[in-house]
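These notes are about the structure you will find just below.
Every number here is computed from the coordinates shown, using simple stated rules; none is lab data. Everything numeric here is computed off the predicted structure, so don't read it as measured data. So basically every Cβ, Gly included, is an ideal-geometry build from the backbone, and we count neighbours across all protein chains shown.
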Amino acid sequence: MTAPNHLFLPAAHRFQWLIAMVFVCISCSSKGGSDTKSQGKPMAHAGESMAAQSAGSMSAAVMGKPSVGKGPRAAEKTAQYTVKRVVVAVARWGKIYRENTYILSDNSSRDAVIIDPGKAHPDIEAHIKSSSLKVRAILNTHGHFDHIQANDHYRKLYGVKVYAHKVDRHFYGKARAPDKPDVLLDKEKHLSFGTLHLRIIAVPGHSRGSLFFLCGAHLFSGDTLFLENLGMTFTDKKATSAQKMMQQIRGIKEKILVLDPAVTVYPGHGPKTTVGHEKQFNPLLNRQKKKPRAIDY
Ligand SMILES: [Fe+2]
């Protein structure tokens, strides 16, 4: 049986984490422990400050509320937005992959987007119907099979367009159902879908076109950032897996860990977390010696 091309074999996985940890330690040492010093003191990036402030002000509704762990299996409602997670089972290579499909909606306008529809699931349509949501778009954090297979199902059902990063387009068109995106994103920007305003953040590594979607205090991370772990990377013609992992770690530190610590992170697999939790406890983003948490695929 052919090994899944976006999942790690155990030995390779261990080797990659070892390389990554060595790099993190060297990086931290050469900066005189700057990561430790920057805890609670966001780095100043001209392009980040506005978004960080924006996320900070909107995150007041979830401040003080533990956001790490399971959920939201039931819809999670804050003052302005609702996030519904539906875990879908995507079959490939004789295995079942459990992927998180999210529906993000504005509580006032009912405008909504579907993020990473890995497979059509009745709970997705039931939530949209029962909440009287108006689906405005489908967004893909990246082009791996387990995040895109129901693109066409929901594109036709709701008459909306699919958005994805341009450099991930080679992943599309391989499944039986047409899954190709309608809109190819080529740079970081802000997009509005009705009253939903999303900031698109590119952090290459897991795939070259991996994106984060930030809306208020809700951050959708795809497979780039998990609870106390990171999505794996793969060798290609341009870079080794270790080089891509370094790029991914650097991107997360520069673009994600500068956000408000209370921002909730919704990964493509497994439980949710927060920016603050990952900044403090993700062993691949700081100098802790513990193992990365197992990812529930
Ligand atoms: Fe992936």
Problem - In nm, spacing of pseudo-spin labels at Asp123 and Lys187 (7 Å Cα→C-beta vector) - result: 3.9
Exercise for the section: Give me Val160, Val275 ranked fewest to most by other Cβ atoms within 10 Å of their Cβ, as a rough exposure proxy. Expected result: Val160, Val275
Completion exercise
Sorted largest first, the C-alpha extents of region 116-214 along its principal axes in whole angstrom are 37, 33, 19
Practice task
Please figure out what share of the DSSP beta bridges in region 175-297 is antiparallel and state it in percent, rounded to the nearest 5.
Solution key: 80
Handout entry: Stretchable slack from Ser131 to Asp296, in nm (0.36 nm times residue separation minus alpha-carbon distance)
Key = 56.5 nm
Problem - Cleavage-rule hits (trypsin sites (Lys or Arg not before Pro)) in region 193-284: DSSP loop, at most 12 neighbouring Cβ within 10 angstrom - result: Lys237, Lys238
Practice task
Please give the length that would be gained between Thr195 and Thr235 if that part of the chain were fully extended, namely 0.36 nm times their separation in residues minus their C-alpha to C-alpha distance (nm, one decimal).
Solution key: 10.4 nm
